[in-house]
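Report on the following structure.
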Amino acid sequence: MTQPIKAVTFDFWNTIARAPAGLMSEARRRAIVEACAECGVELEPEVLAETLGEVTRSYERAWSVGEHFHPREGAEMLVRSLRLEGTAGERTAEAFLTVARNAPVALSADIEFTLAALQERGILMGIVCDVGFSGGEVLRELLDREGLLTYFSGWAFSDEVGHYKPAPQIFEAALAALDAEPAAAMHVGDLRRTDIAGASALGMRTVRYRALHDDPEVDGAIEADFVLDSHRELTELIDRAEAQT
């Protein structure tokens with residue numbers, strides 16, 4: 001028999017919030033230029049662009065095959081490639097890692113309404129997130145800034161867990177924090193390969209949220225149990241799922 005849903009975990013990017021295309025990379029570039037300028041170091045724009053591109057490609061190669069690439073590795077690679085030392089290197093690394101702290105991200109439509117509705121029902125909520133270069137500490141600060149932090153009580157950011165989705169460890173970390181078994185949990189995310197495949201393999205019910213990013217279908221990719229265009233549909237979906245228990 002299917003268990004009632006005790007916990008819901010959410011992906012972060014393109015599920016809870018999004019940054020306009022190119023915004024984060026441009027903000028990161030500007031922050032690095034400013035950090036170096038404060039230390040009397042002038043960077044050649046072409047060299048910085050190529051270096052940032054190579055750091056990003058290194059991360060993307062690792063992420064695509066599930067090899068963990070910590071944000072600090074990206075910062076260290078950047079500083080090393082730009083041949084920065086001392087204070088200039090330290091400030092550049094800090095700028096690289098924390099730029100999302102002040103980035104103007106946009107929340108998904110109705111996300112706060114839905115989180116409040118789930119909280120009122122007594123459903124526990126967590127986040128399962130592959131962080132890129134903005135680590136869990138920075139993303140928690142971003143959630144706090146947007147007034148959403150208090151809704152969540154279970155965290156599984158890849159830089160803190162050491163695994164990317166679809167690895168079971170990152171989902172297990174969030175569920176352990178929520179004291180929930182996979183069969184009593186649901187995961188909401190946008191990507192079939194990571195969010196849906198990983199949660200499904202663990203025995204969680206799955207929701208693909210496509211309002212911000214409609215992940216294209218590819219051969220062999222698993223589809224979610226449910227596909228949503230609005231977060232407001234989630235509470236009704238849970239009612240339907242629990243009616244089948």
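Rule-based calculations on the coordinates, nothing more; no lab input. Fair warning: this is a prediction, and the values are worked out from it, not measured in the lab. Don't worry about glycine lacking a Cβ; one is built from the backbone with ideal geometry, like all the others, and counts go over all protein chains shown.
Structural descriptor for the chain: relative contact order 26 percent, calculated from alpha carbon pairs under 8 angstrom and at least 6 residues apart. Relative to the longest principal axis of the Cα atoms of the chain, the long axis of helix 168-178 lies at roughly 70 degrees. Volume per residue of the convex hull around the Cα atoms, evaluated for region 178-229, comes out as 72 Å³. Protection proxy ranking, highest mean first, for peptides 53-64, 149-160, 182-193: 182-193, 149-160, 53-64, where packing is the per-residue count of other beta-carbon atoms within 10 Å, averaged. For region 34-157, the alpha carbon convex hull comes to 126 Å³ per residue, rounded to a whole number.
I want to verify the translational diffusion coefficient of the chain in µm²/s; compute it with Stokes-Einstein, Rh as the Kirkwood radius over Cα pairs, at 37 °C and 0.692 mPa s.
174 µm²/s
Kirkwood analysis of region 23-102, using all unique Cα-Cα pairs, places the hydrodynamic radius at 12.7 Å. Packing, as the average of other Cβ atoms within 10 Å across residues, places the peptides 172-179, 30-37 in the order 172-179, 30-37, highest first.
When shorter helices are ignored and each DSSP H run of at least 4 residues is given -39500 (n - 2.57), the per-residue value for the chain at 222 nm works out to -14000 deg cm²/dmol.
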